[in-house]
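Pasting in a structure now, in structure tokens, and then I'll have a few things to ask.
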Amino acid sequence: MKKPLLATLQGDRQPSPPVWLMRQAGRYLPEYRALRAEKGGFLALVNDSAAAAEVTIQPIRRFGFDGAILFSDILMVPSALGQSLSFGVGEGPALQPALIDHALQGLQAAPERLDPVYETVRQVTALLPPQTTFLGFAGSPWTVATYMVAGHGSRDQSETRRFAYADPKAFGEIITAIASCTVDYLSKQIEAGVEAVQLFDSWSGSLSPAQFERWVIAPNAAIVSALHDRHPGVPVIGFPKGAGEKLAAYVRETAVNAVGLDETVDPEWAAATLPQDLPVQGNLDPLVLIAGGAAMEQAAARILAAFADRPHVFNLGHGILQDTPIAHVEQLLAFVRSAG
């Protein structure tokens, strides 16, 4: 059976764009909240392969999205590199030891910490409807490094940006270690059953142009090249959130097969600027999905019109928010699918 999302990522324009939503398996779903409460927390859910597979399938079962994205977290790679990962109740992630003191060489790699993720992939592969594309993912090196260096998330990534300026050699070693682990991680996801992968660079917008070139474009290009060598034909989606006008260089120099656009990108600008045959993904504002109604349909219609002549995957500009009404997701799907 034809898989519309996979075909689009491979360059085929569909009469109606396939749809999936970033963070589509998450806290806006009552069935997710119930399972997370039962398992006792986020990391317990991620590391329980049967539970993580169930979470991955939940939005497919409820909405029939064209793509299922693996339920996991971008910080599984730091965990595999040897940092201790935890999530406090009501708090963000914590990684120890923080690498602000150049402690990379002191970490003891623990690649076996990724084994539950591969088992999740195998279980999901056996459960998915035949028309649904299975997406794997990882964080891009810059974004992952911001957590590894600081030991926590931050609004402006200032600790990591200062570190990268002050000691680019030491920071480069961290980026290289993340990139190498990421290639193996995504490769094993593909071997276990995912059909395309996405690289999330959620904090790429905090960098100056020269730093963006060095810490976003260069390592992502290396990852994409390695994956293409190992797995020819498996699409790689790049998502450099906040890249803005640097998107064109990112696309050209990384050789990603498709690019995700955040909600700040003008779809008409993107359609005119990016290569005509490049599949694009996005880019509805998650907040307008919460608003719903006519405002949402008008925003979605503008995106659909801008990308009508190219391969397009309809998605949000970032992750779905936890207070999103389920009825609005249903409205969006009906609107996008009727537009074709």
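Could you work out the relative contact order of the stretch 225-275, using alpha carbon pairs under 8 angstrom and six or more residues apart, expressed as a whole percent?
Once normalised by length, the contact order is 40 percent.
Same structure again: TRP203's amide H: which non-local residues (gap 5+, or another chain) put their own amide H closer than 5 Å, with H modeled 1.01 Å from N in plane and none for Pro or chain starts?
Here the answer is THR143, since their amide H atoms fall under 5 Å of that of TRP203.
Along the three principal axes, how long is the stretch 171-230 when you take its alpha carbons, biggest first, rounded to the nearest angstrom?
37, 21, 16
Amide H to amide H under 5 Å from ASN315: which residues, 5+ apart in sequence or cross-chain, H placed 1.01 Å off N in plane?
Long-range HN contacts for ASN315: GLY282, ASN283, LEU284.
Can you give me the accessible area per residue for the chain, using a 1.4 Å probe, in Å²? Walk me through the intermediate numbers first.
Numbers: 13320 Å² over 340 residues.
Ligands and nucleic acids excluded, the figure is 39 Å² per residue.
Could you give me D for the stretch 42-84, from Stokes-Einstein at 4 °C and 1.567 mPa s, where the hydrodynamic radius is the Kirkwood radius over C-alpha pairs? Units µm² s⁻¹, please.
113 µm²/s
What residues have an amide H closer than 5 Å to that of PHE137, excluding those fewer than 5 places away on the same chain, when H is modeled at 1.01 Å from N in the peptide plane?
Hits under the 5 Å cutoff: GLN198.
Compute the Kirkwood hydrodynamic radius of the stretch 166-282, taking the inverse of the mean of 1/r over all pairs of distinct Cα atoms, and give it in Å to one decimal.
14.7 Å
Next question, about the same structure. Quick one: what Rg and Dmax do you get for the stretch 63-121 from the alpha carbons, in Å?
14.4, 47
Based solely on C-alpha atoms, express the radius of gyration and the Dmax of the stretch 208-249 in angstrom.
11.5, 33
Give me Rg over Rh for the stretch 231-294, both radii from the alpha carbons and Rh done the Kirkwood way, two decimal places.
On the way: Rg = 12.9 Å, Rh = 12.7 Å.
On the Cα set of the stretch 231-294, Rg over Rh gives 1.02.
Note the direction-averaged projected area, equal to a quarter of the hull surface, for the Cα convex hull of the stretch 11-66, in nm².
The number I arrive at for the stretch 11-66 is 4.7 nm².
Between LYS169 and ARG337, what length comes free when the chain is fully extended (0.36 nm per residue of separation minus the Cα-Cα distance, one decimal in nm)?
My answer for the length gained is 55.5 nm.
For the chain, which semi-axes, largest first and in whole Å, follow from the square roots of 5 times the eigenvalues of its Cα gyration tensor?
29, 24, 19
If you don't mind, there's one more thing I want to ask. Given Cα positions, please report Rg to Rh for the stretch 11-112, the hydrodynamic radius being the Kirkwood one.
1.07
Taking the Cα-to-Cβ direction at ARG155 and at ARG302 and moving 7 Å from each Cα, how far apart do the two end points lie in nm?
The modelled label-to-label distance comes out at 2.7 nm.
Could you pull out every whole DSSP H run in the chain that spans at least 30 Å of Cα extent along its own axis and averages 0.0 or higher on the Kyte-Doolittle scale?
Span-like helices here: 168-192.
7 Å from Cα along Cα→Cβ at both PHE87 and MET1: what's the point-to-point distance in nm?
With each label placed 7 Å out from Cα toward Cβ, I get 3.1 nm.
At q = 0.22 Å⁻¹, what log₁₀ I(q)/I(0) does a Debye calculation on the Cα points of the stretch 296-337 give, no solvent, two decimals?
-0.80
Next question. How long are the semi-axes of the equivalent ellipsoid of the stretch 91-199, defined as square roots of 5 times the Cα gyration tensor eigenvalues? Whole Å, largest first.
That gives 31, 14, 13 Å for the three semi-axes.
Given C-alpha coordinates of the stretch 227-340, what is the ratio Rg to Rh with the Kirkwood estimate of Rh? Numbers along the way, then the final one.
Numbers: Rg = 14.6 Å, Rh = 14.7 Å.
My calculation of the ratio gives 0.99.
Can you give me the three principal axis dimensions of the stretch 133-178 from its C-alpha atoms, in Å, biggest first?
Per principal axis, max minus min of the Cα coordinates gives 43, 24, 14 Å.
The values are calculated or read from the model by the stated rules, or taken from the named source; none is laboratory data. Every value quoted in this text rests on a predicted model; they were computed, and no experiment measured them. Cβ coordinates were reconstructed from backbone atoms using ideal geometry, including for glycine residues, and neighbour counts include every protein chain displayed. Accessible surface is based on the protein model in full, side chains and every heavy atom, while ligands, DNA and RNA are left aside. Shrake-Rupley method; radii C 1.70, N 1.55, O 1.52, S 1.80 Å.
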